[in-house]
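Worksheet: one structure, shown below.
The values are calculated or read from the model by the stated rules, or taken from the named source; none is laboratory data. Nothing here was measured: the structure is a model prediction, and the numbers come from that model. Every residue, glycine among them, receives a Cβ derived from its backbone with ideal geometry; neighbour counts consider all protein chains shown.
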Amino acid sequence: MLRNVFRSFASVAAVAIVMFLGATAAQAQITVGGHVGFVIPWVTHGGGQTTTIGDNFQIGFPLGVSFHGQGRMTLDLEMVPSISDDPRTVSLTVDPGLVWSISHGWAAGGRVAFDVNSSQFGFIPLLNKSWKFKNDKGFFKAYFIEADLPVKFNRPTGGPATNSVTFATHFGLGF
């Protein structure tokens, strides 16, 4: 008998969850999109030194998935694999964030940044300008340029703590 009560309760709970999720999805009208592109850090100041792209060439390849509701805010989940020349390294930054549409293709936002397998973390303020393609029947709907200002805190175990700030530009296509 206890088994039948549990099954009935589980069935009712499952139906309630499905109804709740269906109602939430219908009300929210969330659209899913994303972007791909490349990012170039032009100048970095950290640990008392300033380096430019001429000192150490770096390039990242951001890939993001965006969730946009009815308002101006978009949740953007981004990952950026990067290649650095000196020293030759490959890294991955996970940087989810919120972006607010301003008007006429302009948007501003911020991300939190976590460098995978590293002691670095931080935040990234950004300003974005996008242009829609006139023929939006293709996969990509817009192209954009973005100015990023990553601020990173490096806290290695047993090493000196350093902070850095970088100016970077991100070019890409939105879908």
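Of note:
- Here the condition is being polar (S, T, N, Q), at negative phi and modelled with pLDDT of 95 or more; of 70, 58, it holds for 58 alone.
- Only a single item in (1) small (Gly, Ala, Ser); (2) out of contact with any Phe, Trp or Tyr (no Cβ under 6 Å at 6 or more places or on another chain); (3) in a strand (DSSP E or B); (4) more than 23 Å from residue 142 (Cα to Cα) is not met by residue 54, and it is number (3).
- Only one entry of 102, 83 meets the criterion of being more than 19 Å from residue 118 (Cβ to Cβ), exposed (fewer than 15 other Cβ atoms within 10 Å of the Cβ) and not small (Gly, Ala, Ser), and that entry is 102.
- First in region 157-173 and modelled with pLDDT of 95 or more, second anywhere and charged (D, E, K, R), Cβ under 6 Å, 6 or more apart: 164/152; 168/148; 170/146; 170/148
- Of all residues in region 43-57 being among the small types (Gly, Ala, Ser) and free of Cβ contacts under 8 Å to residues at least 12 places away in the same chain, the one that is farthest from residue 155 (Cα to Cα): 54
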